[in-house]
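Beneath this line is the structure, given in C-alpha cells, with notes to follow.
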Amino acid sequence: MKRLYIVNILGTVFFSALLGISLPVFIWGLISNGQFLWGFFLVSIMCAITIVVNTIGNWKAQQQIKVLDAENKYLAQSVEFSRRHDEALDLIDNYGGIDGDHHKQWVLDQVVRKLTGGEEEYKTWVNIRKAEDYGWEEGIAP
C-alpha cells in the first residue's frame, strides 16, 4: 500500500511540475504583456491543490483499507468460532447420550477442546481449572 501511495504522489508531483512549466509558458506566449507571473501563480495554485487533494484521497483510502482489514479479520474469527461451536454441538448430539460418567467426561473434554480452538488454549484452560482445585479428567472415548 505504501508503494502505491508513493507512486501516486510522485506521479502527481511529476504531472504538476509538467503542467506548472508548460502552461505558464503557453500563457506567456499568448499574452506576452507582463502577466506571465500571474498565470504561473494560478497554475502553481492548481498544482498545489491537486497534490493536496490526492494526498487526502490516498490517506482516506488507506484508512478505509485498514477498517476493511479489521472487519475481514473479525469475520474470519467469527466464522472460525461458529465452525468450532457447530462441531462442539455435533459432539454433544452424537455422544452425549452414551451411558457412563467416563464417556460423558470424554464428551465434555472434546467440547472444551473444540471451543478453546487449539492445544495450547486447551492446556491453559485446564491448568486454570486445576489451579482452582477443580478436577479435570479427559474421560474415555465411547
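What follows draws every value from the coordinates through simple rules; no lab data is involved. Remember, predicted model here, so these are calculated numbers, not experimental data. Backbone-built Cβ (ideal geometry, glycine too); neighbour counts: all protein chains shown.
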> According to a simple spin-label model (label point 7 Å from Cα along Cα-to-Cβ), what is the distance in nm between LYS73 and ILE140?
Replying inline: 4.6
> If you take the Cα Rg of region 76-142 and divide it by 2.2 N^0.38 Å, with N the number of residues, what do you get?
Replying inline: 1.16
> Among the GluC sites (Glu not before Pro) within region 113-142, which fall in a DSSP loop and have no more than 16 other Cβ atoms within 10 Å of their own Cβ?
Replying inline: GLU132, GLU137, GLU138
> Using a simple spin-label model with points 7 Å from Cα along the Cα→Cβ vector, what separation in nm is obtained for LEU115 and GLU80?
Replying inline: 1.8
> Which parts of region 114-142 would a label at ASP99 reach, counting a residue when its backbone N lies under 16 Å from a point 7 Å out along Cα-to-Cβ?
Replying inline: 142
